[in-house]
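Chemist: Please read through the structure below; I'll follow up with questions.
The values are calculated or read from the model by the stated rules, or taken from the named source; none is laboratory data. From a predicted model like this one, the values you see are computed outputs, not experimental measurements. When we count neighbours, we look across all protein chains shown, and the Cβ atoms used for this are built from the backbone with ideal geometry, even at glycine.
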Amino acid sequence: MNFNAIEKVQSSMTKCSECEVRHSSLFKKLSDSSLGEAEGFRKEQLIIPPRTRIFQEGDQHDYLYTVFSGWGLIYKTASNTGKRQILQFLLPGDLIGFQTSASGVMPHSAGSVTELILCAYPRNHLKPMLQKNPEVAVQMVDMRSRDVTLCQNHLMAAGRKTAKESIAFIILELFYRVQQQVPSSSKNTNDAFDFPITQEDIGDAIGLTNVHVNRVIKELMSEGLIHCNKKRLTILNKEKLSQIAEFNPDMVIAHPLG
């Protein structure tokens with residue numbers, strides 16, 4: 001991960017009313033009449049270069065973000081080995097930096113995979129924004145509920161699933177999340193989608209070496225389940241891959257409270 005600072009700030013911000021990922025982001029439940037006021041809590045849009053750290057575990061960080069475009073990840077680093085454990089892959093609409101420890105420091109790190117554009121909200125704006133717009137608080141709970149469900153399934157994968165089952169699960173999780181969260185994905189008719197994460201990223205998410213991940217990916221390809229080419233992945237047999245992964249698409253849906 002490149003530890004360079006964020007390179008630049010967009011001079012003009014995308015209006016929330018014109019946002020392509022509003023349907024899956026923090027302002028999903030806001031009416032058009034409330035959107036303008038809520039938009040005022042946003043300070044800026046940041047452009048993050050690929051493979052750049054956004055914040056580090058242990059930082060006192062004054063912002064939270066929603067992903068406008070691009071892919072990123074949340075991770076922790078083991079203090080004794082320096083090895084990275086990826087906790088979540090980030091897609092458009094996702095919320096970053098909401099969680100802090102009791103002392104106010106970040107409990108994990110965040111970084112970009114591709115170029116990321118983030119909408120930045122000062123942390124001290126969060127409480128007044130939620131007080132004035134309770135619909136945002138409800139959406140935040142819905143999003144966190146989905147994230148907890150995914151985290152529980154990742155824990156199961158780490159403790160009980162084989163490498164093949166775990167990698168099949170990650171592929172399907174990202175496929176269905178891309179379908180829901182990235183508007184351009186609706187144009188796909190052949191179950192193909194951009195897949196910019198590396199074999200190292202996959203290994204760091206499920207605790208495998210690059211060699212092991214490479215072997216399993218080749219096995220899935222030889223069985224006619226997937227095809228990978230130039231950071232694009234096609235699922236060739238969704239039903240069989242789902243059986244291997246014990247995957248249900250409901251796992252990646254943010255179910256409303258009511």
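Chemist: Would you kindly identify the helices (runs of 4 or more DSSP H) lying entirely within the stretch 154-258 that contain at least 1 residues that are outside the structural domain of L91 (by TED's automatic domain parsing), closer than 23 Å to G72 by Cα and modelled with pLDDT of 95 or more?
Modeler: It comes to 163-181, 199-206, 210-222.
Chemist: Looking at the stretch 10-65 only, could you name the residues that are of a type in the set (A, V, I, L, M) and assigned to a helix (DSSP H, G or I)?
Modeler: Across the stretch 10-65, the qualifying residues are L35, A38.
Chemist: Can you spot a residue in the stretch 36-50 that is surrounded by 15 or more Cβ atoms within 10 Å (Cβ to Cβ), modelled with pLDDT of 85 or more, in the same structural domain as P107 (by TED's automatic domain parsing) and in contact with a His (Cβ under 7 Å, 6 or more places away or on another chain)?
Modeler: For the stretch 36-50, residues surrounded by 15 or more Cβ atoms within 10 Å (Cβ to Cβ), modelled with pLDDT of 85 or more, in the same structural domain as P107 (by TED's automatic domain parsing) and in contact with a His (Cβ under 7 Å, 6 or more places away or on another chain): present.
Chemist: What do you reckon, is L118 within 26 Å of S184 (Cβ to Cβ) and under 11 Å from the mean Cα position of the chain (by Cα)?
Modeler: In short, no.
Chemist: Please count how many residues of the stretch 66-82 are among the small types (G, A, S), in contact with a strand residue (DSSP E or B) (Cβ under 9 Å, 6 or more places away or on another chain) and more than 16 Å from D147 (Cβ to Cβ).
Modeler: Qualifying residue count, the stretch 66-82: 3.
Chemist: Answer yes if at least one residue in the stretch 140-152 is at pLDDT below 90, under 19 Å from R42 (Cβ atoms) and not in a strand (DSSP E or B), and no otherwise.
Modeler: Yes - at least one qualifying residue is present in the stretch 140-152.
Chemist: I've got another one for you. Which condition breaks for A137 when tested against (1) over 30 Å from T198 (Cβ atoms); (2) in contact with a His (Cβ under 8 Å, 6 or more places away or on another chain); (3) of a type in the set (A, V, I, L, M)?
Modeler: So A137 meets the others, but not (2).
Chemist: Since I6 meets every condition but one in (1) out of contact with any Asp or Glu (no Cβ under 9 Å at 6 or more places or on another chain); (2) at pLDDT 85 or above; (3) of a type in the set (A, V, I, L, M), which condition does it not meet?
Modeler: (2)
Chemist: Regarding R177, is this residue among the basic types (K, R) and in contact (Cβ under 8 Å) with a residue 12 or more places away in the chain?
Modeler: Answer is yes for this residue.
Chemist: Take the stretch 195-209 and flag every residue that is surrounded by 14 or more Cβ atoms within 10 Å (Cβ to Cβ) and polar (S, T, N, Q).
Modeler: The answer is T198, Q199.
Chemist: Hey, another quick one. Kindly evaluate Q85 against the criterion of being in contact with a strand residue (DSSP E or B) (Cβ under 9 Å, 6 or more places away or on another chain) and at pLDDT below 90.
Modeler: no
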